[in-house]
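Input: a single structure, listed below in structure tokens.
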Amino acid sequence: MAYYLLKRLIATIPVMLVVAVFIFLLLRLTPGDPAAMIAGDFASEAQVAEIREKLGLNDPLLVQFGIWIGNIFQGDLGESFFFKKQVTDLIMARIEPTLSLSVVTIILTVSIAVPMGVVAAYRQGTWLDRTVMAFSVLGFSIPVFVIGFAFIYIFSLELKWLPVQGYQRLSEGVGGWLKHLILPSLALSVIFVAFIARMTRTSVLEVLGEDYIRTARAKGQTETKVLVRHALRNAAVPIVTVIGFAFAILIGGVVVTESVFNIPGLGLLTVDAVLNRDFPTIQAVVLLFSMIYVLINLIIDLSYTVLDPRIRY
Amino acid sequence: MFNVKRRRVLAGVATSLALVLGTQGLGTAAQAETNLKVVPHSGLKILDPIWTTAYITRNHGYMIYDTLFAMDMDGNVHPQMVDSVERSADGLTVTITLRDGMTWHDGAPVTATDTVASIKRWGGKDAMGQKMMSFVDDLSAADDKTMVFKLNAPTGLVELALAKPSSNVPFMMPARIAATPGDEQIAEYIGSGPFMFNNEEWEPGVKVVYDKFDAYVPRDEPTNGFAGAKVAKVDRVTWTPNRDIQQAINALNAGEIDIIESTPPDLLPLVEEGGEAYTQSPNLSGLQYTFRFNVLHPPFDNPKIRQALLYAFNQEDFLEATIGDPNYFQVCKAMFICGLPFETDAHMDGLLESNFAKAKELLAEAGYDGTPVVLMHSTNVPVLTNLAPVAKDLMEAIGLNVDMQSMDWSTLVARRSKKDAPADGGWNAFLTAWDAGDLFNPLAMAFLNASCDKALFGWPCDEQIEKLRDDFARATSFDEQKAIVEALQARWVEYPTHIHLGQWNTPSTLRNNVTGYLSAGVPVFWNVEKN
């Protein structure tokens, strides 16, 4: 197991290097000049050239890459062209809203989707099953921003229960933090609930036909125990895989939700950085997202050994 | 047993949630200070208003810095940090005395040494500042309160340039900060304005907090534009940008924010429906749309073909396509902005009226050979997006061959600085908008600079325009300046550097309990009360 873990961790290094080279070259080949964006509309050519020189953008690409990658190995992700702040600090400031949104969304998703899927499988073919499946199709079909605006209209503008937009840091109070997260998390969770409920239903359905379920029932186990201890646990591997991917997608891809609810997370930081060609920030955020994907994949793989004792690395 | 435990757990969770959500209200009630919550037009990223010309940084500058002179709503210049100005009989020495009682946000007194250093830093960066400094042989502090300008020729530019309302605004900073080289950003944000920058709470691009500067001593005169008393009437101002203005309006109607700096006219019905807010423009003169030529390459290297567009274009089409609501745009043939002192429509008869016959005649005279016009089309700035398609239609109507290339604003900004031929990655034309404060005279108007390689992208090159701009700088009376402006407009018709396509503004939206918002020319938050 330890050897497997070490092997997987070492394997991440070439993956990250490929990502680093790719994103570095992609940004340099994309049209746009951060110096011109920084200088503003009135700046003369000399002013723009001065800024370009200061930012090191006139150096050969190989030199720029060497400096950047060398700094990364020393734990320095560089300084944002625009904010004059360390990219690490910017990411740290923006990671809390994104992580909060992702964690609350995943908690909501799992607590709704898994029971829904299990019940749908247990009551296969009944109105309950059909309702869950209909919700699944609906959840997939409605874009998240439409759900977001609908929730805002109902819960914020009409009922005035929850704030329309914004984010409050956890350090400023759990109440405000949660209040600002409920609507965006609910809006985001709809599509994941739809997906995970469907996946849970399919997995549990497969397991419910197995001999050991019949044996468990024959031994006099209650239906709840049969479903939770025997069916769900054995159906857990694909469900956990999907939940893991959902979490990774949430961390790297909640731009629309962050925009609709004005949550200053990593998604909005990335969009701003791309529009302004803030190379150090884009590079760092993309590397971070890649690392999160790799690590979540690793955690998912390791979780299989817990869920299914037959799996050994 | 299992059920009892589960009920207890559920009850516990419910109670905790209720307590947790309940504390939010208590937290809000405990805040006694008045906090004006503003949605600015973008996130504040750069804090040095001399280092960048970005409007959001200029607006930040107005929050924390003060200026020596300031313009009122009619464009007249008044002393602001200044007590008195004396000019020698030969006009070559200008002595400026600072007013009493001014301190920096760190408590140190404002001295002439500080203001001299600030003028020098600004004068090294800003185009109008550079022009003013070209008249200055020596600028020094005679004592703590007195600055002396020794000029090499008489000019009316000193007060006019130091009252420049838009980027780069000559903001005053302590000498140690103003000593920062112009090619480096300042690292301390200390001014002497009515609000202080709260460095602790600044979240780049997300939130900026300004606290009231209690030691600020306002002028005695009534507030008028940027001039007169600047009285902070709220304890703090918080800027939190929101890229989705529809959502910002929802938040405003729900009472979560107080002011939206810029509201697109098509969303104003939402404000009216909400009934919680009203609109007011921070800038009555607004902005001006502009079509910029690149004179380095055919076909626009030929002034006659550029003139053809003066006849082909009309302002209504551009304004209708972008702003839509006539309450928020104004057709204005005056280059130097309708409503400001140098407004004149001299020599503009028959122009900007889509006279296609005349335009075609000029194209024929110029011998236009079908050379394609590479028109850059910016797609991600909503107020600019519809301009290029309108320009394309009007140009094609007179027989120009237009190759409109769509791109995001960052790409356009990078490409417009390229002097290469359009076929090799260069360009022929693009459209943008300028704040009226950037266009109020021939020296401020950057697109009128026709100094060839030293001019802004597009690089117009015309000795007569440059001579007239220099004459303007040397003029010492308004009448003299106005006559030069008219002569400039006449020369511009013969040698168009750009085409102005009408004025427009997007109003601010304010909750009904917010009063005193000024139409200064830039969104400013002194004088604003929140009841």
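The values are calculated or read from the model by the stated rules, or taken from the named source; none is laboratory data. Quantities reported herein were computed from a predicted structural model and do not represent experimental measurements. When we count neighbours, we look across all protein chains shown, and the Cβ atoms used for this are built from the backbone with ideal geometry, even at glycine. SASA here: full protein model, heavy atoms, side chains in, ligands and nucleic acids out. Shrake-Rupley method; radii C 1.70, N 1.55, O 1.52, S 1.80 Å.
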Counting only residues 5 or more apart in sequence or on a different chain, those whose built amide H sits under 5 Å from that of B:Ser281 are B:Ser508
Sorted largest first, the C-alpha extents of the range B:445-531 along its principal axes in whole angstrom are 56, 31, 22
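For the range B:112-265, count the residues as N, evaluate 2.2 N^0.38 Å, and divide the Cα radius of gyration by that value, please. Intermediate values should be presented prior to the final figure.
Working: Rg = 18.8 Å, N = 154, 2.2 N^0.38 = 14.9 Å.
Against the compact-globule rule of thumb, the ratio is 1.26.
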Per the 1/(1 + (r/R0)^6) rule, R0 = 25 Å and r from the Cβ atoms of A:Leu17 and A:Val63, FRET efficiency to 0.05 is 0.90
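Would you please report the Å³ per residue occupied by the convex hull of the alpha carbon atoms in the range B:60-171? Walk me through the numbers on the way to the answer.
On the way: hull volume 11.6 nm³, N = 112.
Measuring per residue, one finds 103 Å³ for the Cα hull of the range B:60-171.
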Note on the range A:167-270: C-alpha Rg/Rh, Kirkwood Rh, two decimals, gives 1.17
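Once neighbouring chains are kept in place and the probe is 1.4 Å, which whole percent of the accessible area of the protein assembly as shown is contributed by carbon and sulfur?
Values: 20260 of 34310 Å².
The value for the protein assembly as shown is 59 percent carbon and sulfur by accessible area.
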Honestly the protein assembly as shown on the Cα gyration tensor test (a ≥ b ≥ c root eigenvalues; a/c under 1.5 rounded, otherwise a/b vs b/c for prolate or oblate) is just prolate
One checks the Cα atoms of the range A:87-307 and finds Rg and Dmax, in Å, of 19.7, 66
Treating every alpha carbon of the range B:287-504 as one equal point scatterer without solvent, the Debye formula yields log10 I(q)/I(0) values at q = 0.15, 0.16 Å⁻¹ of -0.96, -1.10
Per-residue average of other protein chain Cβ atoms inside 10 Å, peptide B:405-412 -> 4
Calc'd 3J(HN,Hα), the range B:483-500, phi into Karplus 6.51 cos²θ - 1.76 cosθ + 1.60 (θ = phi - 60°), Hz, glycine/Pro = x, comes to 4, 5, 4, 5, 5, 5, 4, 5, 5, 5, 5, 7, 10, x, 9, 6, 10, 8
For the range B:287-504 the mean separation of alpha carbon contacts under 8 Å (6+ apart) over residue count, i.e. relative contact order in percent, is 34 percent
Amide H contacts under 5 Å for B:Asp83, restricted to residues at least 5 apart in sequence or on another chain and with H modeled in the peptide plane, are B:Thr97, B:Leu98, B:Arg99
Along the range A:137-152, Karplus-curve 3J(HN,Hα) (6.51, -1.76, 1.60; θ = phi - 60°) to the nearest Hz, with x for Gly and Pro, reads 4, 4, x, 5, 7, 8, x, 4, 6, 5, 4, x, 5, 5, 4, 4
Rounded to a whole number, the mean other protein chain Cβ count within 10 angstrom for residues of B:50-60 is 3
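How high is the FRET efficiency between A:Arg310 and A:Met1 when r is their beta carbon distance and R₀ equals 22 Å, given to the nearest 0.05? Each step should come with its number before you reach the end.
Numbers: r = 15 Å, r/R0 = 0.66.
Efficiency, from the Cβ-Cβ distance: 0.90.
Tell me the per residue accessible area of the range A:87-307 using a 1.4 Å probe; a whole number in Å² is fine. Spell out each step's value before the answer.
Values: 9430 Å² over 221 residues.
Per-residue value: 43 Å².
How crowded by other chains is A:81-91, given as the mean number of beta carbons from other chains within 10 Å of each beta carbon? Don't jump to the answer; show the numbers that get you there.
Values: counts 2, 7, 9, 9, 3, 0, 0, 0, 1, 4, 0.
Across A:81-91, the average partner-chain Cβ count within 10 Å equals 3.
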For the range B:262-278, in residue order, the Karplus 3J(HN,Hα) values (coefficients 6.51, -1.76, 1.60; θ = phi - 60°; whole Hz; Gly and Pro = x) are 9, 10, x, x, 5, 9, 4, x, 5, 5, 5, 4, x, x, 9, 8, 9
For chain B, averaging the sequence separation of alpha carbon pairs under 8 Å that lie six or more residues apart and dividing by its residue count, the contact order in percent is 19 percent
One finds the C-alpha centres of the range B:451-488 and the range A:69-88 to be spaced, in Å, by 45 Å
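Between B:Ser477 and B:Val231, what length in nm is gained on full extension when 0.36 nm per residue of separation is reduced by their alpha carbon distance?
85.3 nm
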Interface B-A: total buried accessible area (1.4 Å probe, Å², nearest 100) of 4200 Å²
Once amide hydrogens are built 1.01 Å from N within the peptide plane, the residues lying 5 or more places from B:Ile257 or on another chain with amide H under 5 Å from its amide H are B:Leu252
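How high is the relative contact order of chain A? Use alpha-carbon pairs under 8 Å, at least six apart in sequence, and give a whole percent.
On the way: 328 pairs, mean separation 80.1, N = 313.
Result for chain A is 26 percent.
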In the range A:157-189, the residues losing 40 Å² or more of accessible area (1.4 Å probe, heavy atoms of protein chains only) relative to their chain alone are A:Leu157, A:Val164, A:Gln165, A:Gly175, A:Leu178, A:Lys179
Sorted on mean Cβ neighbours within 10 Å (highest first), peptides A:3-11, B:468-476 come out as B:468-476, A:3-11
For A:Glu53, the accessible surface traced by a 1.4 Å probe with all protein chains present amounts, in square angstrom to the nearest 10, to 110 Å²
Zone reached by a paramagnetic label modelled 7 Å from A:Leu157 Cα along Cα→Cβ, restricted to the range A:256-272 with backbone N below 16 Å, covers A:260-262
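Determine the order of B:His78, A:His180 by accessible area, beginning with the largest, at a probe radius of 1.4 Å.
B:His78, A:His180
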Expressed per residue, the solvent accessible area of the range B:105-226 in Å² (1.4 Å probe) is about 35 Å²
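Indicate the gyration tensor shape class of chain B (rounded, prolate or oblate), computed on the Cα atoms with a ≥ b ≥ c the square roots of the eigenvalues: a/c under 1.5 is rounded; otherwise a/b larger than b/c is prolate and the rest oblate. Don't skip to the end; give the middle numbers.
Details: a/c = 2.13, a/b = 1.24, b/c = 1.71.
Judged from the Cα gyration tensor, chain B comes out oblate (a/c at least 1.5, b/c at or above a/b).
What FRET efficiency do you get for B:Ala346 and B:Asp214 if R0 is 45 Å and r is their Cβ-Cβ distance, rounded to the nearest 0.05?
On the way: r = 50 Å, r/R0 = 1.11.
About 0.35, to the nearest 0.05.
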